[in-house]
Amino acid sequence: MADKQKISCSYCSGPAVYLDRVRQIHLCKAHLMGQVEDEVRRYLSSVELPEIIGVAFSGGKDSTALLKAFCQIKHDIPCRFVALTVDEGIEGYRQDTIRAAKEICQALEVEHHIIRFSDLFGSTLDQLVAGSDRNACTICGILRRRALEVLAREQGIRMIATGHNLDDHAQTTLMNAISGDIKKVFTGHGPSAWYAKRIKPFARVSEREVTLYALLNGLFRDLPECPYAVTSLRGEVRTLLYRYERDHPGSMLHAATCEEQFRERFGSEFVREPYTTCTVCGWPGSGEICQVCMVLRKAPSDHDSS
Ligand code: SF4
């Protein structure tokens, strides 16, 4: 059998592990990792950093890669960081990912804090959706955002970094376009001093690069999928965008930046709604009762009795 010709990195003689199809370059392990870390460094240098950043850390590959990148560049950033994990209470899924999250934080020597739906809201996600046709992901998203915010406040954290990558952004842009809901793009709420600022240091790093970064650092784990993750519009959009990216490299980047550019140019022409104060919990939200309290009000009344 003929030897396969080895492809070298475009920057050194090392064996290539990744083809950047947009820039038409091959990268070895060291240069791929350097590229990811440079991008996180560049992103962080573009924002005003507080004393401490909370890294939203689910234990999955994206947030694991982000935490590792933070560790790698910690001497270049003028703040410290801690990992923040939300345990939604999903049987057969969360136990493994929480264990993985704890082990990774121990290995990386990162301070780690966990908050549980059951402690904060009195119910797990499983209990909240049991016996009803409520959409688990919608409820999970609303409550997780609040839980993360509560945990951040407890730790005096005013900035939260999430592992959203370029592919996530491209998918969201296309989903917003498909839904035709211009409010999602241009309106929503104005800034609030109450909520921690969200940052996305992987906004220009593709999912393939993030996955490879986690793999090459020996941090990728084969974890179970959430049982509530069913085929969704995002899944369909994801498949579509992968096809476009394969046939037209750069499609993801164009889709992701397109919405940003629209916002920059036309965002000021749209009025942002001010937050109202929830009459139940006192947190800022929309309407008289915030989404979190609405979700909890509709919780099945018998979930505690089992
Ligand atoms: Fe939550 Fe849905 Fe993600 Fe599961 S798939 S963790 S329910 S958002």
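The values are calculated or read from the model by the stated rules, or taken from the named source; none is laboratory data. None of the values given here were measured: they were computed from a predicted structure. Note that we place each Cβ from the backbone using ideal geometry, even for glycine, and neighbour counts take in every protein chain shown.
Inside the stretch 64-96, residues that are within 16 Å of the ligand (Cβ to nearest atom), touching a strand residue (DSSP E or B) at 6+ places or on another chain (Cβ under 6 Å) and part of a helix (DSSP H, G or I) make up a count of 1. Checked against (1) surrounded by fewer than 20 Cβ atoms within 10 Å (Cβ to Cβ); (2) in the same structural domain as ALA152 (by TED's automatic domain parsing); (3) under 27 Å from ILE7 (Cβ atoms); (4) in contact with a helix residue (DSSP H, G or I) (Cβ under 9 Å, 6 or more places away or on another chain), ASP38 passes all but a single condition, namely (4).
Listed here are the residues, each with its yes/no results for (1) modelled with pLDDT under 85; (2) not in a loop (DSSP other than H, G, I, E, B).
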| site | (1), (2) |
| --- | --- |
| LYS184 | yes, yes |
| LEU212 | no, yes |
| ASP222 | yes, no |
| THR231 | yes, no |
| ARG234 | yes, yes |
| PRO249 | no, no |
| GLU264 | yes, yes |
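Scanning the stretch 122-138 for residues that are within 10 Å of GLU88 (Cα to Cα) and in contact with a Leu (Cβ under 9 Å, 6 or more places away or on another chain) returns SER123, LEU125. Say whether the condition of being of a type outside the set (A, V, I, L, M, F, W, C), surrounded by 19 or more Cβ atoms within 10 Å (Cβ to Cβ), in a helix (DSSP H, G or I) and over 18 Å from the mean Cα position of the chain (by Cα) is met by at least one residue in the stretch 22-30. So far as the stretch 22-30 goes, no, none of its residues is of a type outside the set (A, V, I, L, M, F, W, C), surrounded by 19 or more Cβ atoms within 10 Å (Cβ to Cβ), in a helix (DSSP H, G or I) and over 18 Å from the mean Cα position of the chain (by Cα).
In the condition set (1) of a type outside the set (Asp, Glu); (2) in contact with a strand residue (DSSP E or B) (Cβ under 6 Å, 6 or more places away or on another chain); (3) more than 16 Å from the ligand (Cβ to nearest atom), THR211 is compliant with all but (2). Just one of the listed residues (ALA170, ALA177) is in the same structural domain as ILE114 (by TED's automatic domain parsing), out of contact with any strand residue (DSSP E or B) (no Cβ under 9 Å at 6 or more places or on another chain), crowded, with 22+ Cβ neighbours inside 10 Å and in a helix (DSSP H, G or I), namely ALA170. Listed conditions (1) touching a residue at least 60 places away in the same chain (Cβ under 8 Å); (2) part of a loop (DSSP other than H, G, I, E, B); (3) within 16 Å of the ligand (Cβ to nearest atom) are all met by GLN127, apart from (2).
In the condition set (1) in a helix (DSSP H, G or I); (2) surrounded by fewer than 19 Cβ atoms within 10 Å (Cβ to Cβ), SER192 is compliant with all but (1).
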